[in-house]
Amino acid sequence: MDTATHFAMGFGLAGLAYVDPVVASDPGLAIAVMVATILGSQAPDFDTVLRLKDNATYVRNHRGITHSLPFMALWIALIGGGTSLLLHHEGFWHILLWTAIAVVLHVFTDLFNTYGTQAVRPFSEKWISWNIINIFDPFIFGTHIAALLLWMTGLVPTAPIFITLYSMIGVYYIWRTLTHWYLTRKVERMDIEDGRSPAPDGHYVLIPTISLRRWHVVHAKKDGSYRIGWYSPDKLIWIDSVHSMEHPAIEASRKHRDIRALLYFSSYTISEVEQTSTGYIVRWADVRYRHRRQYPFVAVVVMDRQFNTIDSYVGWLSPDKMNERISLHMS
């Protein structure tokens, strides 16, 4: 989820903690729990500081080890223990419990996005992304804000507000999961080629958008090419077909750390090469992220004719901005 939603969830869990009679009866403990749930809801994303080093390190590691099983335990111990030590000694186990809920919920909800996490590390470095909930979901964020505003009024007891909130969100997650499962199979059936049965070539990935009714669709074929489209109720439209080029410069680019970072993170990439007067420009793009006819999540390497690196970039950038950036370095 996005930072704002995780932040709202931190407050929401502080309200939900009022189901615990000990927390509800002790204002000092309730404040300590709130501090712990807010910090716990943000802690796995502390790896954002990796941007200060370089984009390759950030792309390779964001939502990686900081969302892993050992780090979840570390965040719980540091935040729960530290908050208890500083704010409320007697409430240690209550603070630790709600810190654990906040940290685990952060990682769990991130699994539902397209970006995903390495939540089962160290047992596997696989990126787990279920493609069910958009990274910013208006329903999840909006219901949290409504519950928090209602809490501030004091008109309704705290515990019932947040029991209702998280019951609704639980049902929402179940509904979206079932919808995603059903629509993925529906899209497979709808994709009829030449009037025959649905093509068994490869697999289909439905990716959520901010709209509940519209999904991006990626058809990953067995030959490594992709068809890109979208689905809205009973309508499947293909808008692009892409595949990787073959060239020695592309193979050479695989050794570059910016390219390795993107390929480590994504299994849905295409590559292309452009020859220039001084060498080559190799572009890799993640086809899951399509915006305004472009694929903005890219890794690019500029090389001379001997495949030595002149410049490189990895991260979010439109092709137009990328070409402008590279042109400045090649001029």
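All of the numbers you see were taken from the coordinates with simple rules; none came from a lab. None of these values were measured; they are calculated from a predicted model. Note that we place each Cβ from the backbone using ideal geometry, even for glycine, and neighbour counts take in every protein chain shown.
Observations, loosely collected:
- Taking max minus min of the alpha-carbon positions on each principal axis, the chain gives extents of 72, 49, 36 Å, largest first.
- Take the Cα radius of gyration of segment 96-240 and divide it by 2.2 N^0.38 Å, N being the number of residues; the result is 1.30.
- Contact order, relative form, for segment 1-133: 26 percent (alpha carbon pairs under 8 Å, 6 or more residues apart, mean separation divided by residue count).
- Normalised contact order of the chain, rounded percent, pairs of Cα under 8 Å and 6 or more residues apart: 12
- Taking only the Cα atoms of segment 90-130, the ratio Rg/Rh comes out at 1.15, with Rh defined as the Kirkwood radius.
- Largest first and in whole Å, the equivalent-ellipsoid semi-axes of segment 133-179 read 23, 12, 5, each the square root of five times a Cα gyration tensor eigenvalue.
- Seen from a random direction on average, the alpha-carbon convex hull of segment 37-171 projects onto 9.9 square nanometres.
- Diffusion constant of segment 201-292 at 20 °C, which comes from Stokes-Einstein with the Kirkwood Cα-pair radius and 1.002 mPa s, µm²/s: 147
- All Cα-Cα distances of segment 1-67, cut into 10 Å bins from zero to the largest, leave 21, 37, 24, 13, 4 percent in each bin in turn.
- With each label modelled as a point 7 angstrom along the Cα→C-beta vector, the THR48-ILE239 pair spans 2.9 nm.
- Sequence-distant lysines (8 or more away, or on other chains) whose Cα lies within less than 24 Å of LYS221: LYS126, LYS186, LYS235
- Segment 40-95 and segment 224-276: distance between their alpha carbon centers, rounded to Å: 33
- Under a model in which nothing but the beta-carbon of Lys, Arg (+1) and Asp, Glu (-1) is charged, the chain shows a dipole of about 500 debye around its Cα centre.
- The distance between label points at LEU86 and HIS203 comes to 4.4 nm (points 7 Å beyond Cα on the Cα→Cβ vector).
- Separation in nanometres of the label points that stand 7 Å from Cα toward Cβ, at ASP311 and GLU251: 2.8
- In percent, rounded to a whole number, the relative contact order of segment 98-173 is 19, using alpha-carbon pairs under 8 Å and six or more apart.
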